[in-house]
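Worksheet for the structure shown next.
Each reported figure results from applying straightforward, stated rules to the coordinates on display, with no laboratory input. No experiment lies behind these values; they were computed from the predicted model shown. Note that each Cβ is placed from the backbone with ideal geometry, even for glycine, and that neighbours are counted across all protein chains shown.
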Amino acid sequence: MGDGYTGKILRLNLTNGEVSTMDTAKYEEYGGGHGMGSAIFWDLVPDKTISGFDPGNVITIMGSPLSGTLAPAVAGRTEVQGIGVQGYPIEWFTRSNFGGRFSGQMKFAGWDGIVVEGASDKPVWVDIRNDKVEIKDAEGLWGLDTTETQEEIWRIVQNGVETEWRSLGKMRDAGRTTQRPAVLTIGPVGESKSRTAALIHDSGNGAGQGGFGGVWGAKNLKAISVIGTGSATVADPKALWEARMWAMQYGTAGNWDEFAPLPMGSMFAAAPGSGGKAYAPPDQPASPMGCMGCHKNCRARFKSGASNASTCVDYLFYTAWDQAAHGAYTQVLLDAAEAAQRAGINVYQLESGIIWLNHLYTEGILGKGKEIETELDFTQIGQASFITKLIDMWVNQYDIGADLHDGLARCAEKWGRYEKDTKTGILPLQEWGYSHHYDARTEVEWGYGSLIGERDINEHDFNMLVFWAPSVAALFGAESACPADLLATLAEEKLTPYNDPMMMDYSDEGIYSEAMAKTVAWHRHYTRYFKQSLNYCDWAYMDLFNPWIEDGRGLTPEAEPKFFNAVTGKNLTFEEGMEIGRKIWNLDRSVWVLQGRDRDLEVFTDYNYEVGALPGYTTYEVPYVMPVYENGTWSYKSVAGRKLDRDKVEDWKTKFYTLEGWSTDKGWPTRATLEELGLKHVADELDSKDKLGA
Amino acid sequence: MADNDIKKVEPGEHKEVTRRQFITGVGGAGVGLVLGGLLVKGFFLPEEVFAVPASEGYLLVDTKKCAGCASCMLACSLVHEGACNLSLSRIQVQSNAFAAFAEEGSVVQQQCRQCTYPACVDACPTGALHVDPKNGNVRTVDASKCIGCERCVEACPFTPSRMQWNFLDKHAQKCDLCVDTPFMTEDGGPGGQQACVAVCPTRAISFTTEIPRQADVGYKVNLREGMAGWAVAGFPTLDDGSYAPTTAAPEAPAAGH
């Protein structure tokens, strides 16, 4: 029956064109995805301090044992890692991931992951058809946008057979398919080695954060295409089938007969198209779209065909401007998303960038004949012409685009504005040069996780329950579907191993508490294993509260190991998975330490300490209504206007480092902590560099 | 019917039906040879014809509900083969991420139609492909009799062929409405559950015992109108992308009024 693994990882050396394999078994203890990627990176990159643009940088593109299986919201998701080029001031070892069907096809082709080393001296793409792997000349693809590239590769691989069964070899039993290959590609902005370049797959799937598109550009790697006809093996097929049927009750798929607009709070429960249609023009006909094996299909296919399958920031970076200019969401926002994806730009940088540039324009600093000269016409903001022009400048590196191309942080530094504009917050970069997403001052688990980590975490596990649900409810004078006391109870029941209801206290005291250290640690360990190593989708897991279930209890922590065990035949407990997550987190932390991380660097930009968290000031949030425990009672309360206290943040860091077993002076893992986790070789390496926590 | 001349028919199987048997009804099983939903008149038939009883179940799909997630394909291969494999799924979903809603080829579920005239069964020289009277006359494959000639694959009139070559186990296979599903807990077949129907997140596949009109319109249907939640979820219910019942906005008043 197998165990979900193919047993092989594909290794590509672009410098010498060598194609080889690695045994998955060596890294199986990490589950898959991120854990394997970190361990492989550790082994293959002796000097972790190199630039992301250095040919020695290794990029891992990993599936998991659940790739290509019927486990819900995981089959196609893919984890990408390596030294990113977006991080500021240091190019941290980082991660991104994307949905679609890439890792599923990777599994069907017989690969648990792909490791890319070196750099080619000319543009290449990689053509994978089962075990046949070829590094090919990409001269004909270089310069094409991400859609054009994929369509051209489809044409090459399908070779005129588009709808009939197509054999992947000359022999009768070579395997046949009716599917298009899954292609991961960069656009023109990646080719020019931008720190703001994404990897794009199909439509609406991008690994945007980290600047991996620019890393591929530096490697002269245009695209990887994969198609397979093999199986995703399953140790206990009947158990997997039963698990999928069991999970139906937690989602819309099992509740269509009673379907009604859902209260916020559960990503797993959400309706088809709920993400894709949220900000689309309301009159545009659409159908749902989903990633491979998804149980809910949160995206949408639009009548215009523009930016199909896009969700959230994919087009949200321009929705408010579109609405302000036109009084409603229009086709402009979908076309803007389409243009950004074709170029292959990390849209988070566009989102914050437009906010910042508009501030500078409004203040008379930027514009025609101004201190920062530009031809960009800000009277047209919100129109298609504005975003088209900005993207063109960005891609082709002229006008202000020449500097924006290097990312907002480095652009601001060049313009001499980084310090002052991150102090006022008009340049909303919260930490490490990453765009303000959810607010560190209010939803602290998001901010702390990003700061102690290396990027905007973009993990919505708590976000829907502690911020969106109560805040949106408050806008309408209603109560959150999950009462605050139930939320605390669910935390106590489900957030193993800490099981502390105070983990949900976002009061002015709670955000600096040891319980909040537990919240952040739980989140780091949970996501590192279950969502980034097993690759469960962020828009489905965790499921703490579920509106389809009578008592509101979601499918976490039962579901995560249930699917894994059915596929692998193992008997993993949730707590064991959390411990593997802790191991991966400490491995990542050790890489960052080698790159130069210490306690003193872990500070938010100034606006987080000096400007109140005002709704809508930095990006798109509604008022910050969060769960608090005050005077012996749980409730939701507005914490808008809150600033972080520098000393208290430092106190909290001490609590967090202590909880993690890191030195409190530097925030470095200790030998005892690393050896307890089976990372003696990592401890030895840190020791040799005099960077072991004491 | 040249192929039929060389077919060896097992006792008790009805690979060939005499004109008389056909006209009087095949074992009382029902419809027989149906074209476009109409019985072919007996007097048009030769003395010996190929005719089989109609299947007691059919899969219908709604291409405008399909999200292209391929959950049906993963489920199909899982319950039949014990592994998830798109190439061994008996339903094939083909999609183009860049195509617009309702655009030709944007997304389509290619399911076996359990044809009233099953060309695949007719083409099989060994009787491996047969009508299974014990399971509602579903058209299915006895792998032990399959010699791998793939005539069934070629005979299927649809693209992609709903007959497929199982290149791992070396035999032809097709949709059996989940009769032979050792890895599905529930009973399958025309009287039971079909994995693709059960798993589809948007209910874009349904099962019927009524014989569909033998054309695309009979098998590619609107499953949106009868589902209240679909419009509530914000999706159009009519094929032209509008909602049912239509709520057309009043025309803007002309100038001067």
Subject >> Listed pairs A:Lys494/A:Lys518; A:Lys107/A:Lys518; A:Lys222/A:Lys583; A:Lys107/A:Lys570; A:Lys414/A:Lys666 exceeding 25 Å between Cα atoms >> reply: A:Lys107/A:Lys518; A:Lys222/A:Lys583; A:Lys414/A:Lys666
**OP:** Assuming a ≥ b ≥ c are the square roots of the Cα gyration tensor eigenvalues, decide whether the range A:444-688 counts as rounded (a/c under 1.5), prolate (otherwise, with a/b larger than b/c) or oblate.
**Re:** oblate
Subject >> Sequence-separation-based contact order of the range A:238-415, relative, with Cα cut under 8 Å and 6+ spacing, percent >> reply: 13 percent
**OP:** Could I have the simple spin-label model distance between B:Lys134 and A:Gln380, label points 7 Å from Cα toward Cβ, reported in nm to one decimal?
**Re:** 7.3 nm
**OP:** Kindly list the residues of the range A:213-240 that lie in the label zone of A:Lys122, defined by a backbone N under 17 Å from the point 7 Å along the Cα-to-C-beta vector.
**Re:** A:219-223
Original post:
Of all GluC sites (Glu not before Pro) in the range A:505-612, which ones are in loop regions per DSSP and have a Cβ with at most 14 other Cβ atoms within 10 Å?
Top reply: A:Glu509, A:Glu550
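What is the sum of charges around A:Thr330, taking Lys and Arg as +1, Asp and Glu as -1, for the other residues whose C-beta is under 11 Å from the C-beta of A:Thr330?
Counting the neighbours of A:Thr330, the net charge comes to -3.
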Subject >> Where a label projected 7 Å from the Cα of A:Glu258 along Cα→Cβ would reach, residues of the range A:449-471 with amide N under 17 Å >> reply: none
Original post:
Could you give the distance between the Cα centres of the range A:123-154 and the range A:273-318, to the whole Å?
Top reply: 27 Å
**OP:** Using a Förster distance of 35 angstrom, determine the FRET efficiency expected from the C-beta separation of A:Ile50 and A:Ile156, and round it to 0.05.
**Re:** 0.55
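Would you mind calculating the gained length between A:Asp485 and A:Thr15 on full extension (0.36 nm times residue separation, minus the Cα-Cα distance), in nm to one decimal? Present the calculation step by step, with values, prior to reporting the outcome.
Numbers: separation 470, 0.36 × 470 = 169.20 nm, distance 5.77 nm.
Result: 163.4 nm gained on full extension.
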**OP:** Round to a whole angstrom and tell me the spacing of the C-alpha centers of the range A:418-496 and the range A:1-53.
**Re:** 33 Å
Original post:
How much length is gained on full extension from A:Glu630 to A:Asp508, taking 0.36 nm per residue of separation minus their Cα-Cα distance?
Top reply: 42.9 nm
Original post:
Under the classification rounded if a/c is under 1.5, otherwise prolate if a/b is larger than b/c and oblate if not, where does the range A:210-275 fall, given a ≥ b ≥ c as square roots of the Cα gyration tensor eigenvalues?
Top reply: oblate
**OP:** Determine the relative contact order of chain A: mean sequence separation of Cα pairs under 8 Å and six or more apart, normalised by residue count, in whole percent.
**Re:** 14 percent
Subject >> Positive minus negative residues near A:Glu514 (Lys, Arg vs Asp, Glu; Cβ under 14 Å) >> reply: -2
Original post:
Using 16 Å as the cut-off for backbone N distance, which residues of the range A:642-656 belong to the label zone defined by a point 7 Å from the Cα of A:Glu610 along Cα→Cβ?
Top reply: A:643-647
Original post:
Under 5 Å between amide H atoms, partner at least 5 residues away or on a different chain: which partners does A:Ser307 have, H built in plane at 1.01 Å?
Top reply: A:Glu338
Original post:
What is the pair-distance distribution P(r) of the range A:349-493, computed from all Cα-Cα distances in 5 Å bins starting at 0, with each bin given as a whole percent?
Top reply: 2, 9, 15, 17, 15, 11, 11, 9, 5, 4, 2, 0, 0
**OP:** Using a Förster distance of 56 angstrom, determine the FRET efficiency expected from the C-beta separation of A:Ala328 and B:Ser144, and round it to 0.05.
**Re:** 0.30
Subject >> Estimated dipole of the range A:8-227 in Debye, rounded to 20 [Cβ of Lys and Arg +1, of Asp and Glu -1, Cα centre] >> reply: 360 debye
Subject >> Rough spin-label spacing in nm, given labels placed 7 Å along Cα→Cβ, for A:Leu601 and A:Asp43 >> reply: 2.6 nm
**OP:** Report the label-to-label distance for A:Glu550 and A:Arg172 in nanometres (one decimal), using points 7 Å from each Cα along the Cα→Cβ vector.
**Re:** 5.8 nm
Original post:
If you take the square roots of the eigenvalues of the alpha-carbon gyration tensor of the range A:117-180 and sort them as a ≥ b ≥ c, do you get rounded (a/c under 1.5), prolate (a/b over b/c) or oblate?
Top reply: oblate
Subject >> Relative contact order (%) - the range A:444-688, alpha-carbon pairs under 8 angstrom, separation at least six >> reply: 23 percent
